[in-house]
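Peer 1: There's a structure below that I have some questions on.
Taken together, the values in this text are just the output of simple stated rules run on the coordinates, not laboratory data. If you're wondering where the values come from, they're calculated on a predicted model, not measured in any experiment. Glycine gets a Cβ as well: all are built from the backbone with ideal geometry, and neighbour counts include every protein chain shown.
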Amino acid sequence: MHSLEYVHAMRESLPDYDALDEALAEVAAEIGAAEAQGLLAGMLSASPKVEAAPWIAQVLAGTEPKGEPARRCLEGLAALYNPTLQGMDDSNLEFQLFLPDEAAPVDQRAEALGAWAHGFIYGLGVGGLPEAVPLPREVNEIIGDLGEVALAVSDDGGEADDAAYAELLEFVRTSALLIREHLQPRRRDKPVPVPGGDQGGRRQH
């Protein structure tokens with residue numbers, strides 16, 4: 001097998017979104033599956049090393065999961081950790097956001113995307129991003145834009161269409177990668193595109 005194909009084959013797949021979202025609801029977690037991955041992505045961007053345990057503790061804060069619901073929840077979160085870590089480090093920028101699939105109503109997908117962005121911003125703080133250290137202007141602007149995405153999706157009554165959702169999805173995805181690239185630089189085979197920029201405006205990192 002070609003080495004690149006082997007690497008892709010070895011990468012772990014994301015778990016089932018609906019199953020994890022339901023498992024989190026069963027244990028009365030305050031956040032859903034999308035926000036849980038956003039939280040992890042933010043923590044990974046703020047800190048050079050994030051273990052699964054402290055992230056899971058944040059996701060399940062304020063809950064006391066027990067029995068079978070607890071098992072399903074913990075297994076689902078554990079299955080989400082490695083693919084997220086691998087995706088954010090992927091040299092070809094193939095990171096996938098953990099969101100409802102295309103069969104779900106676009107309003108539901110947009111709401112989950114807003115929750116993902118909210119989780120990412122929260123994860124930056126949880127991950128130890130120092131408030132006293134000035135960030136590059138570009139990073140501050142992107143964090144502000146992500147905050148607006150989270151608020152806009154929650155405030156617009158769920159109005160969305162597939163084209164707008166797809167554009168917003170790519171903006172959030174590339175924004176997260178670019179923030180991580182600024183804070184935790186990686187060697188990549190492709191440059192991280194500047195969110196919202198055209199093809200000619202891509203910036204090497």
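Peer 1: Quick check: residue separation of Ala52 and Asp89 times 0.36 nm, minus the Cα distance between them. What number comes out in nm?
Peer 2: Here the answer is 11.7 nm.
Peer 1: Expressed in nm to one decimal, what extension gain is obtained for the pair Ala166 and Thr63 from 0.36 nm per residue of sequence separation less their Cα-Cα distance?
Peer 2: Additional length available on full extension: 33.7 nm.
Peer 1: If the chain between Ala104 and Ala25 were fully stretched, how many nm would it gain, using 0.36 nm times the residue separation less the Cα-Cα distance?
Peer 2: 26.6 nm
Peer 1: Continuing with the same structure: Might you report the magnitude of the Cβ-based charge dipole of the stretch 40-159 about its Cα centre, with Lys and Arg at +1 and Asp and Glu at -1, to the nearest 20 debye?
Peer 2: Dipole size: approximately 600 debye.
Peer 1: Could you compute the net charge surrounding Gly144? Neighbours are other residues with a C-beta less than 13 Å from the C-beta of Gly144; K and R count +1, D and E count -1.
Peer 2: -3
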